[in-house]
Amino acid sequence: MERIRVKSSNLRSIGYDEPTQILEIEFQQGGTYQYFGVSKKIYDNLMKALSHGEYYERFIKNRYRRKKI
């Protein structure tokens, strides 16, 4: 999955596959995770957020099943 680099102290890059609803996030401190069942709306809002890290903490972290890749 292709990811887009973002300016964030916590997140390094973000990717999304709409057909499978998989969100992929690479973190600044290392580690890349896939989050399952994430709607396009959540992804779009994450990409538009003034703070990607704050949006992640509030709307994604601990809300979706995830797998480290």
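If the elastic network links every pair of Cα atoms under 10 Å, which of 25, 42, 14 fluctuates the most in the Gaussian network model of the chain?
42
Of the candidates 50, 11, 23, which one comes out as most mobile in a Gaussian network treatment of the chain with C-alpha springs shorter than 10 Å?
Maximum fluctuation in the GNM of the chain, among the listed residues, is at 50.
Compute the length gained on full extension between residue 59 and residue 36: take 0.36 nm times their separation in residues and subtract their Cα-Cα distance, giving the result in nm to one decimal.
Result: 6.9 nm gained on full extension.
In debye to the nearest 20, how big a dipole does the chain give about its Cα centre with +1 on each Lys and Arg Cβ and -1 on each Asp and Glu Cβ?
200 debye
Please compute the Kirkwood hydrodynamic radius over the chain, one decimal place, Å, based on all pairs of different Cα atoms.
It works out to 11.7 Å.
Throughout, read-outs are computed from the coordinates displayed, never taken from laboratory work. Remember, predicted model here, so these are calculated numbers, not experimental data. Note that each Cβ is placed from the backbone with ideal geometry, even for glycine, and that neighbours are counted across all protein chains shown.
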